[in-house]
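> Dropping the structure in here first, questions after.
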Amino acid sequence: MSPTSPENTPLEENPFAAPSIESMEVEPSENVVGLGLPLTPGVPFVAVCVVLGILSKMVVFYGIAFLMEAQWIEMWSWVLEEVVWGAIAGLGAAVFFHAVRRGQLTQLMPGHWRLVAISGVIVGDLLYTFAILTQLVNEDNNFVGVQIIFQQGIRELLAAALFLMVIRTTVETYPWRVYAWMCLVYYVVMLLASLASPFWFDGFAGAGFGSVYIVLTGISNLIAAVILVLLLMAIVIDFRRKIPRDAYHYLGLALPIAALLFQVGLNSILFGF
């Protein structure tokens, strides 16, 4: 058989074929030498940060319950959710401060990104608590939109800044860089939605901006679905390439999803949705 026969001729690549996981893989190079460096904050430091994260959520929760004239002990399911998210935020703060102290901020792994992004809510909680203590927010001007701007808006601003830094400095593989870009877009959209929230929840002047909040929230939900797909694909590629990761990376991948499922499950049991 001739070496140039059709049977031995390689098939041409179809330019219209859908991308596969294999097509997203990249060969290891000198730009990936930073992958796999572990972050190892000590257990006592992590414990302190987790406790502080929980306390920050409890303090702001108590302030909100006070404004609502509600018995916070009767809202135990909300308290339980806040404890879970406060612990995750505290873990993210521990990873962040340990990385800063060790000069490893640019070596953060994708799971670390997720933890650190969540930890920004601690700053929002503390600022909102300060606003309550200084009477900037009280029973006469307790607006839901203002609370969203303080808590979620500040978290989203800090998370967007984090992913902007990640995009500029990370040596992670292509799938994770795409993931970082989508997270940046997500947090920017959510930040804009937070700024528009008073027009929807509190009836601020300019009713037209209320619909902006709904549109931006819907867009963010679609982006979140894309991010979930990218996350799963990047995890599969990591395992196939056997890229070394540390425990905090895997905690960052798993804990936010577990906490969200816990929250949804608890609400389904208690409220039937």
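> What does the net charge come to around Leu266 if you take all other residues with beta carbon closer than 15 Å to its beta carbon, with K and R at +1 and D and E at -1?
Net charge in that neighbourhood comes out at -2.
> So if R0 is 51 Å, what FRET efficiency would Val236 and Leu55 give, r being the distance between their Cβ atoms, rounded to the nearest 0.05?
On the way: r = 38 Å, r/R0 = 0.74.
About 0.85, to the nearest 0.05.
> Evaluate E = 1/(1 + (r/R0)^6) for Ala224 and Arg168, where r is the Cβ-Cβ distance and R0 equals 35 Å; express this FRET efficiency to the nearest 0.05.
The formula returns an efficiency of 0.90 here.
> GluC sites (Glu not before Pro) within segment 123-173: which are DSSP loop residues with at most 15 other Cβ atoms inside 10 Å?
Glu139
> Would you mind computing Rg(Cα) / (2.2 N^0.38 Å) for segment 40-271, counting N as its residues? Can you show the working numbers first?
Numbers: Rg = 18.3 Å, N = 232, 2.2 N^0.38 = 17.4 Å.
Output field value: 1.05.
The numbers here are math on the coordinates, done by the rules we state, and not lab data. Computed from a predicted structure; not experimentally measured. Methodologically, a virtual Cβ is constructed for each residue, glycine included, from the backbone with ideal geometry; neighbour enumeration extends over all protein chains shown.
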